[in-house]
Amino acid sequence: MLEKDIEKILVKEVKKLGGRAYKWVSPGNDGVPDRIVIFPNKPPMFVELKTESGALSDLQKVQIDRLRKLGQAVFIAKGIDGISEFFQLAGYENVSKALDCKYDL
């Protein structure tokens, strides 16, 4: 599955929960995570999306490390399985289970 397809699934599922998954483009700061996810009444989480075989670039590793050193939650989601893990970590086990069933994970 392509990264853009994985991203669409993340955005759709976050919206269903009443949250937002903002695309993060930060001029002059290449390598920042793809999305800033905000669920109701929870702190923001940064999500970097990759295909199942995708790897972080060196610049992405630097940016993620910077955010984590600032105490921010950054999740690297590899494929649909990674999206399922993200929702489980965020406390939305029901979404994780639904994705697992839908995509035979």
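The values are calculated or read from the model by the stated rules, or taken from the named source; none is laboratory data. Keep in mind that what you see is a predicted model, and the values were worked out from it rather than measured. Counting neighbours? That spans all protein chains shown, and the Cβs are built from the backbone with ideal geometry, glycine included. For the accessible areas, the whole protein counts, side chains as well, though only heavy atoms, and no ligand, DNA or RNA atoms are used. Shrake-Rupley method; radii C 1.70, N 1.55, O 1.52, S 1.80 Å.
Quick check: is even one residue across the stretch 83-97 under 14 Å from the mean Cα position of the chain (by Cα), in contact (Cβ under 8 Å) with a residue 40 or more places away in the chain and open to solvent by 100 Å² or more (accessible area, probe 1.4 Å)? Taking every residue of the stretch 83-97 in turn, none turns out to be under 14 Å from the mean Cα position of the chain (by Cα), in contact (Cβ under 8 Å) with a residue 40 or more places away in the chain and open to solvent by 100 Å² or more (accessible area, probe 1.4 Å).
Determine whether the stretch 24-37 contains at least one residue that is in contact with a strand residue (DSSP E or B) (Cβ under 6 Å, 6 or more places away or on another chain) and without any contact (Cβ under 8 Å) to a residue 24 or more places away in the chain. Scanning the stretch 24-37 turns up at least one residue that is in contact with a strand residue (DSSP E or B) (Cβ under 6 Å, 6 or more places away or on another chain) and without any contact (Cβ under 8 Å) to a residue 24 or more places away in the chain. Comparison of Ile64, Ile80, Ile76 shows that the only residue that is part of a helix (DSSP H, G or I), of a type outside the set (Phe, Trp, Tyr), surrounded by 13 or more Cβ atoms within 10 Å (Cβ to Cβ) and in contact with a Lys or Arg (Cβ under 9 Å, 6 or more places away or on another chain) is Ile80.
Filter the stretch 42-85 down to residues that are aliphatic (A, V, I, L, M) and touching a strand residue (DSSP E or B) at 6+ places or on another chain (Cβ under 6 Å), then give me how many there are.
Just the residues of the stretch 42-85 that are aliphatic (A, V, I, L, M), to begin with: 45, 47, 49, 55-56, 59, 62, 64, 67, 70, 73-74, 76-77, 80, 83.
Those left that are additionally touching a strand residue (DSSP E or B) at 6+ places or on another chain (Cβ under 6 Å): 45, 47, 49, 64, 67, 73-74, 76-77, 83.
Residues that pass the stated criteria total 10.
Would you call Val95 aliphatic (A, V, I, L, M), within 21 Å of Pro27 (Cα to Cα) and either at pLDDT 95 or above or in contact with a Cys (Cβ under 7 Å, 6 or more places away or on another chain) (or both)? So Val95 fails the test.
If you take the residues of the stretch 33-61 that are part of a loop (DSSP other than H, G, I, E, B) and acidic (Asp, Glu), which of them is least open to solvent (accessible area, probe 1.4 Å)? The extreme case among them is Asp34. Looking only at the stretch 6-25, decide whether some residue is crowded, with 16+ Cβ neighbours inside 10 Å and acidic (Asp, Glu). Looking for residues that are crowded, with 16+ Cβ neighbours inside 10 Å and acidic (Asp, Glu), one finds at least one in the stretch 6-25, hence yes.
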